[in-house]
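Worksheet for the structure shown next.
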Amino acid sequence: MLTEKPSPTTAADSTLSPAEKAILANDKHALEESLAAMSPFEVKNLLVKLAREGDKDTTRTLLNAGRGNPNWINTLPREAFFLLGQFTMEEAKRVSSLPEFDLAGMPAQEGCADRLLAYLDTHKEEKAAQFVRHAFDYLVAEGFPADEFVHEWTSGISGDLYPFPDRILPYTQEIVNRYLVKALDDGQKPDAPYDLFATEGGTAAMCYLFYCLKCNYLINPGDHIALMTPIFTPYLNIPTLNDYDLDVTYINATTRDDEGLHTWQYPDEELEKLAEPSIKLLCLVNPSNPPSVAMDEASRKKLIEIVRDKNPNLLIISDDVYGTFVPHYRSLLADLPYNTACVYSFSKYFGATGWRLAVIATAQKNVFDDRIAALPADKKELIKKRYACLTDHIERVKFTDRMVADSRLVALNGTAGLGTPQQVMMSLFALYCLLDEQDAYRAKMQELVTNRLQLLWKNLGWTLEPDPLRAGYYSVIDLEIWATRLYGADFFAWLKDNYDSLDIVVRLAQDTGVVLMDGAGFDAPEWSVRVSLANLDTDDYATIGKRIASMLDEYAQAWKSEVSK
């Protein structure tokens with residue numbers, strides 16, 4: 001696999017990782033052994049290094065399809081944000097101004113809506129101004145008090161105050177609630193608006209959820225939880241940390257179609273595992289990561305039935321970040337609002353990973369609060385001491401607000417919350433989709449990733465049939481299936497006997513400059529790879545498909561040569 005002569009060792013080698021030392025020593029076995037112990041994201045970083053090294057003295061380009069960061073950005077809400085930023089500076093200087101010291105006052109609320117409309121009139125030829133005016137008219141028609149929500153924008157953009165309420169700004173919460181109903185509930189309004197906590201991206205949301213569950217004794221060391229797999233790797237890793245030390249049951253998406261291809265749905269016997277009442281928490285990514293397929297109606301109905309009839313106190317964390325890439329998507333938050341905490345990030349759909357925008361959504365009446373209320377007296381006393389600096393009546397504080405406090409170790413609760421400029425940006429992204437009555441942006445996003453997906457598979461040698469549940473943000477290629485289909489079961493048996501599954505991703509990076517992620521790191525099949533359809537140009541996916549097919553053929557030729565001897 002590694003053909004170059006090993007480099008001479010130096011004193012600096014002591015700082016290298018085991019994997020890097022294995023590369024220097026040209027030790028294939030040691031390299032793959034060290035990679036198997038690493039998270040897929042750390043493996044990806046090492047593969048990038050290998051690919052860059054392999055690209056030297058060649059004309060090929062590194063194709064890193066291991067990252068989930070999209071290569072698009074949604075422009076109009078950003079343009080509106082910067083236009084509102086200029087208006088905000090005028091508002092601040094109107095209050096007071098010391099230009100020689102670059103000082104101004106804090107934007108005032110009274111009359112700010114009229115001043116915004118006058119400002120927009122002076123920019124009426126600009127698309128951003130037209131969008132802000134459209135958003136303004138929409139919010140006024142919905143009953144929002146004009147001066148108040150405009151001041152939330154100007155004060156928010158200026159960043160002159162700590163977030164208040166610290167969970168989320170009031171009008172941002174109302175706007176994002178409407179967006180979530182459209183994006184994740186297929187437009188069907190819940191009985192009451194969701195409680196939202198704005199967080200620094202979906203990753204922070206995950207951390208806050210697990211930590212608050214622990215702090216309120218909803219999960220304890222040794223407790224039984226379930227994960228629906230394949231799944232985003234941190235959900236596999238967090239329960240094993242000594243912070244949590246949880247006992248995990250895996251609900252596996254093992255279904256296949258008549259041709260033996262994965263459909264990535266959950267058979268009834270897997271879902272029935274959730275009927276076990278000792279399972280306290282279920283975590284899922286829907287649509288899944290990495291298969292990128294939404295749960296079908298049959299699986300969803302079965303899951304709902306099990307929770308309602310057999311495990312009604314089950315806590316559910318549903319990570320719905322890819323839901324907007326599926327037509328008519330419906331979240332478990334809509335079907336099981338009492339049980340579900342939904343994590344939604346704006347990062348992927350709007351190309352905004354750097355903004356760090358996400359929310360945790362819970363129903364106003366939920367199992368998290370009820371489970372806390374049912375805790376034994378000794379646990380309640382410990383909780384009371386933990387949150388004593390917040391209130392004398394912690395029993396009245398919702399789980400969502402406890403997450404806010406725990407996100408700042410309680411003691412810093414007064415300065416908690418997502419930055420106000422980020423919250424304004426979030427509200428503008430949400431408004432953009434609320435005003436898009438034809439869902440043109442959503443259709444374009446779905447078309448964009450679908451085109452890339454089809455191009456990848458066409459150059460692998462297969463045409464994917466349309467699937468309305470497929471998000472297409474990622475694709476899992478099960479090399480066992482494709483090796484067997486193309487060259488027979490004997491070939492795959494030989495491949496498995498002679499190579500580690502990681503050999504494929506290492507050789508792809510080193511020999512072709514293509515970086516993919518190992519599927520096993522997501523609890524996908526051992527001989528699988530994950531391709532991100534988000535972060536490269538469309539034509540690059542044709543190249544990736546060809547290079548994967550070509551590499552598989554190289555292994556096959558080696559096998560044929562060995563057999564002929």
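Values in this text are rule-based calculations from the coordinates and carry no lab data. Note that the structure is predicted; figures quoted are calculated from it, not measured. Every residue, glycine among them, receives a Cβ derived from its backbone with ideal geometry; neighbour counts consider all protein chains shown.
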Output ordering of 193-205, 271-283 (per-residue mean of other Cβ within 10 Å, highest first) is 193-205, 271-283
Projected area averaged over all directions for the convex hull of the alpha carbon atoms of segment 199-345, nm², comes out at 8.6
Partner aspartates and glutamates whose C-alpha sits under 20 Å from that of Lys560, ignoring same-chain residues fewer than 8 away, are Glu480, Asp490, Asp497, Asp500, Asp503
For segment 76-158, the Cα-Cα pair-distance distribution in 5 Å bins from 0, as whole percents, is 3, 15, 26, 26, 17, 8, 3, 1, 0
Candidates for percent of Cα pairs over 35 Å apart are [x] 35; [y] 38; [z] 45, and the calculated one carries label [z]
per DSSP, antiparallel bridges as share of beta bridges in segment 185-418, % nearest 5, sits at 40
Straight-line reach check, Lys302, cutoff 17 Å on alpha carbons, 8 or more apart in-chain or any other chain, hits among lysines -> Lys273, Lys310
Under the Karplus relation with 6.51, -1.76 and 1.60 and θ = phi - 60°, whole-Hz ³J(HN,Hα) for segment 310-319, x at Gly and Pro, equal 10, 9, x, 9, 5, 8, 10, 10, 10, 8
Rounded to the nearest 0.05, FRET efficiency between Gln364 and Leu464 (Cβ-Cβ, R0 30 Å) equals 0.15
Taking a straight Cα-to-Cα line shorter than 18 Å from Lys458, and setting aside same-chain lysines fewer than 8 residues away, one finds Lys546
Counting sequence-distant residues (5 or more places) and residues on other chains, those with an amide H built under 5 Å from that of Ala358 are Thr199, Gly201, Phe346
quick note, the chain, DSSP beta bridge pairs, % antiparallel (nearest 5) is 50
Rounded to the nearest 10, the angle in degrees between the Cα long axis of helix 420-434 and the longest principal axis of the Cα atoms of the chain comes to 80
HN-Hα couplings for segment 330-346 via Karplus (6.51, -1.76, 1.60; θ = phi - 60°), in whole Hz with x for Gly/Pro, come out as 10, 7, 5, 4, 6, 8, 10, x, 5, 9, 10, 9, 9, 9, 10, 10, 8
In deg cm²/dmol, rounded to the nearest 500, the helical mean residue ellipticity at 222 nm of the chain, built from -39500 (n - 2.57) for every DSSP H run of length 4 or more, is -14000 deg cm²/dmol
Which residues qualify? For Ala104, with a placed amide H closer than 5 Å and at least 5 residues away or on another chain, they are Leu98
For segment 151-164, Karplus-derived ³J(HN,Hα) couplings (6.51, -1.76, 1.60; θ = phi - 60°; whole Hz; x for glycine and proline) come out as 5, 4, 5, 5, 5, x, 5, 5, x, 8, 9, 4, x, 8
Of all DSSP beta bridges with both partners in segment 217-304, the antiparallel percent, nearest 5, is 10
Burial-style ranking of 213-225, 343-355, average other-beta-carbon count within 10 Å with highest first, yields 343-355, 213-225
Amide H contacts under 5 Å for Arg256, restricted to residues at least 5 apart in sequence or on another chain and with H modeled in the peptide plane, are Thr263
